[in-house]
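Report on the following structure.
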Amino acid sequence: MSTWSIQSGFDAGERPSRSRTPRVTVVVPARNEAKNLEVVLPQLPEVHEVILVDGHSTDGTIEMARRMMPDITVVQQTRRGKGNALACGFMAATGDIVVMFDADGSADPAEIERYVAVLVEGADFAKGTRFVAQGGSEDITPFRKLGNWFLNTTTNVLFGTRYTDLCYGYNAFWRDIVGVLDLRDPSIPDTDGAKQWGDGFEIETIINCRVAAAGLRITEVPSVERLRIFGESNLNAIRDGFRVLRTIFVERNRMKANRKALAELEGIPSGVDTRALPAAPATVSDTLPHQRDAEVVDLREQRDAQVVDLREHRVDAGTSAASQAELTGETA
Ligand SMILES: Nc1nc2c(ncn2[C@@H]2O[C@H](COP(=O)(O)OP(=O)(O)OP(=O)(O)O)[C@@H](O)[C@H]2O)c(=O)[nH]1
Ligand SMILES: [Mg+2]
């Protein structure tokens, strides 16, 4: 397993002190996964908390989750799409480490400790990969594999990254980097019912691009993707593949714009190669000195406020999805 980060040129400062025995939050986005959760939840190891982010399921997903794991935290997502579900889950998380864990049976719960281990050893972001020794997939088709290879290579060329599996959703990170991800605010309402940018399956690409652009330490973790147990994939290879491709270019422009803005702030004369600059502060607390006083506090206030906000969307024990939907003004 190799750890790498792209050239950042700045010493982003010391990482916040991190626990050797971190509390782990497992975030499980789920849309109509009742049958899978019945199998998957009992297999999860003992962790600090498990957060189910429900995508307006109609198959009793929430009830099943509660039956299999009475102390599970249930959050109702605020808009639509896996990206929004994850953003809601990250915001509600209280552990030191966040593990992104699909509900469909494809992620092996026994691997969680591997992700945690590389984070404790010094990585900021532990990226699952099916395409290294000891990794694999029982699920991927040759067509998707080719598409993933193309998207992965494009990212590596444009960002200077060393990813081997861009489009894989089993990843983990220290929660103190969540500010760097800068995901679409879950409290922004779902206006026209259309999936908003960042709310769909492009989420993994957005996260991968942003952690790399920020110069964070990334360690790839071999992972074996298993077959979805029941039901059908929500992913459409062609439509979502194009969404990912677009994301890569959008994120590349974002990185360049951030670096330019940062160079201006730092008073670096034009003509200097801004590729040597990080695209964003490395972690919420590891901002560059000039940002430390002003922005950190802001970010934290914002984060706390959002968590409180989001908790209004939590489904309390004994409250059905329908009555929760009434509460939040959403249709179940
Ligand atoms: N809350 C929520 N979860 C979702 C949504 N879309 C997908 N998910 C969950 O995200 C996880 C991954 O979705 P899948 O449909 O399996 O897609 P995938 O794993 O990327 O693709 P496959 O390899 O085809 O399985 C599953 O646990 C889904 O239930 C959504 O809109 N809302
Ligand atoms: Mg899946």
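The values are calculated or read from the model by the stated rules, or taken from the named source; none is laboratory data. All figures in this text were calculated on a predicted structure; none of them were measured in a lab. Please note: Cβ atoms are built from the backbone with ideal geometry, for glycine as well, and neighbour counts cover all protein chains shown.
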Item checked: Checklist (1) farther than 19 Å from Arg210 by Cα; (2) more than 13 Å from ligand 1 (Cβ to nearest atom); (3) of a type in the set (Lys, Arg) applied to Arg144, failing item -> (2)
Next item on the list: Taking the options Val211, Val250, Val224, name whichever one is touching a helix residue (DSSP H, G or I) at 6+ places or on another chain (Cβ under 9 Å), within 16 Å of ligand 1 (Cβ to nearest atom), at pLDDT 90 or above and of a type in the set (A, V, I, L, M, F, W, C).
Entry: Val224
Notebook entry, point to check: In segment 131-154, how many are surrounded by 16 or more Cβ atoms within 10 Å (Cβ to Cβ), over 17 Å from Thr219 (Cβ atoms) and among the polar types (S, T, N, Q)?
Noted result: 3
Item checked: Output for segment 135-174, where each listed residue is within 20 Å of Val99 (Cα to Cα) and in a loop (DSSP other than H, G, I, E, B) -> Gly135, Tyr163, Thr164, Asp165, Leu166, Cys167, Tyr168, Gly169, Tyr170
Next item on the list: Scan segment 93-107 and give yes if some residue there is closer than 27 Å to Ile177 by Cα, in contact with a helix residue (DSSP H, G or I) (Cβ under 8 Å, 6 or more places away or on another chain), within 15 Å of ligand 2 (Cβ to nearest atom) and not in a loop (DSSP other than H, G, I, E, B), otherwise no.
Entry: yes
Checklist line | Selected residue (criterion: surrounded by the fewest Cβ atoms within 10 Å (Cβ to Cβ)) from residues of segment 208-238 that are away from ligand 2 (no atom under 16 Å from the Cβ) and free of Cβ contacts under 8 Å to residues at least 60 places away in the same chain | finding: Ile238
Check: Out of the residues in segment 125-168 that are under 21 Å from Ala87 (Cα atoms) and out of contact with any strand residue (DSSP E or B) (no Cβ under 6 Å at 6 or more places or on another chain), which is farthest from ligand 2 (Cβ to nearest atom)?
Finding: Leu166
Check: Which residues, taken from segment 20-73, are among the polar types (S, T, N, Q) and either at pLDDT below 95 or surrounded by 14 or more Cβ atoms within 10 Å (Cβ to Cβ) (or both)?
Finding: Thr25, Asn32, Asn36, Ser57, Thr61, Thr73
Next item on the list: Within segment 275-292, identify whether any single residue is farther than 20 Å from Asp182 by Cα and at pLDDT 85 or above, and answer yes or no.
Entry: no
Check: Within the set of pairs 6 or more residues apart or between chains, which connect a residue that is farther than 20 Å from Glu113 by Cβ inside segment 127-143 to a residue that is modelled with pLDDT of 95 or more and more than 16 Å from ligand 2 (Cβ to nearest atom) with Cβ atoms less than 7 Å apart?
Finding: Phe131/Thr164
Next item on the list: Would you please list the contacts, defined by Cβ atoms under 7 Å and residues six or more apart or on different chains, that run from a residue in segment 242-266 that is more than 21 Å from Trp149 (Cβ to Cβ) to a residue that is among the polar types (S, T, N, Q) and surrounded by 19 or more Cβ atoms within 10 Å (Cβ to Cβ)?
Entry: Arg259/Thr274; Lys260/Thr274; Ala263/Thr274
Margin query: Being among the small types (Gly, Ala, Ser), out of contact with any Asp or Glu (no Cβ under 8 Å at 6 or more places or on another chain) and at negative phi narrows it down to one residue among Ala117, Ala103, Ala93; which is it?
Written below: Ala117
Check: Looking at this structure, is Trp197 touching an Asp or Glu at 6+ places or on another chain (Cβ under 9 Å) and either within 30 Å of Arg20 (Cβ to Cβ) or surrounded by fewer than 19 Cβ atoms within 10 Å (Cβ to Cβ) (or both)?
Finding: no
